[in-house]
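One structure is given below, encoded as structure tokens.
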Amino acid sequence: MEYHEVVSKILGLLQTNHCWHETFQHEAVRTSEEAAKTRPGYTLHQGAKAMIVRVKNPQPRFVMLVLPADLRFDNAKVKSFLGAKDLRFASEQEIGELTGGVQPGAVPPFGNLFGLEIVADPALFENEKIVFNAGDRCFSIAMRSEDYRRLSNPQITPFSRA
């Protein structure tokens, strides 16, 4: 099966840096809940949900937010942390342009591969291991959360809510 080229980039990054990881091939999924059902041994809380938002302060820019898949982001906390006047989800077209064609629901938490600033919620690192769609809706990767932190170098601030 042919996957998006981002899958190979992430696998290469993990192998080059000697990071433990495991992979899952599965039916195409779009939501975190659907994805969790395809990953035996992992919970929804271990899912690393990556969302791209458009921030305006005053110039617009795109930022990746990463948090456990069972949580939501608090708009006010994100706006405050980023000093944003306005915040909205990136459109499907913007996501495609920013990521080289990765579909919504398949965006991996490695915003650094796309030149995006990453902001991660500390709740993500309560998990020893995290799992995420890795650039394709049919392919997931699990890895240690500390390796993710080291390789992606996100800003870390609490912005999630149940």
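Values in this text are rule-based calculations from the coordinates and carry no lab data. Bear in mind that the values here come from a model prediction, so they are computed numbers and not experimental data. Positions of Cβ are generated from backbone atoms using ideal geometry, with glycine treated the same way; all protein chains shown enter the neighbour counts.
Among the DSSP beta bridges whose two residues both lie in segment 12-124, what percent are antiparallel, rounded to the nearest 5?
On the way: 13 of 17 bridges.
Bridges in segment 12-124 are about 75 percent antiparallel.
Using Cα pairs under 8 angstrom and six or more residues apart, how large is the relative contact order of the chain, in percent? Numbers along the way, then the final one.
On the way: 308 pairs, mean separation 47.8, N = 162.
Dividing the mean separation by the residue count of the chain yields 30 percent.
As an exercise, use a Förster radius of 22 Å and the Cβ-Cβ distance of residue 5 and residue 28 to find the FRET efficiency, rounded to the nearest 0.05. If you can, show how the numbers build up before the last one.
Working: r = 17 Å, r/R0 = 0.79.
Given R0 = 22 Å and the Cβ-Cβ separation, E is 0.80.
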Sequence gap of 8 or more, or different chains, plus Cα separation below 15 Å: how many lysine pairs satisfy both in the chain? 6
Which of rounded, prolate or oblate describes the chain when judged by the alpha-carbon gyration tensor and an a/c cut-off of 1.5? prolate
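Segment 66-162: which trypsin sites (Lys or Arg not before Pro) are DSSP loop and have at most 13 other beta-carbon atoms within 10 angstrom? Spell out each step's value before the answer.
Numbers: sites: 72, 77, 79, 85, 88, 129, 137, 144, 149, 150, 161; in loops: 85, 137.
For trypsin sites (Lys or Arg not before Pro) across segment 66-162 that sit outside H, G, I, E and B with at most 13 neighbouring Cβ atoms in 10 Å, the list reads 85.
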Measuring from label point to label point, each 7 Å out along Cα→Cβ, what is the residue 16 to residue 74 span in nm? 3.7
Residue (of 50, 115, 159) at the positive-pole extreme of the chain, dipole from beta-carbon charges: 159
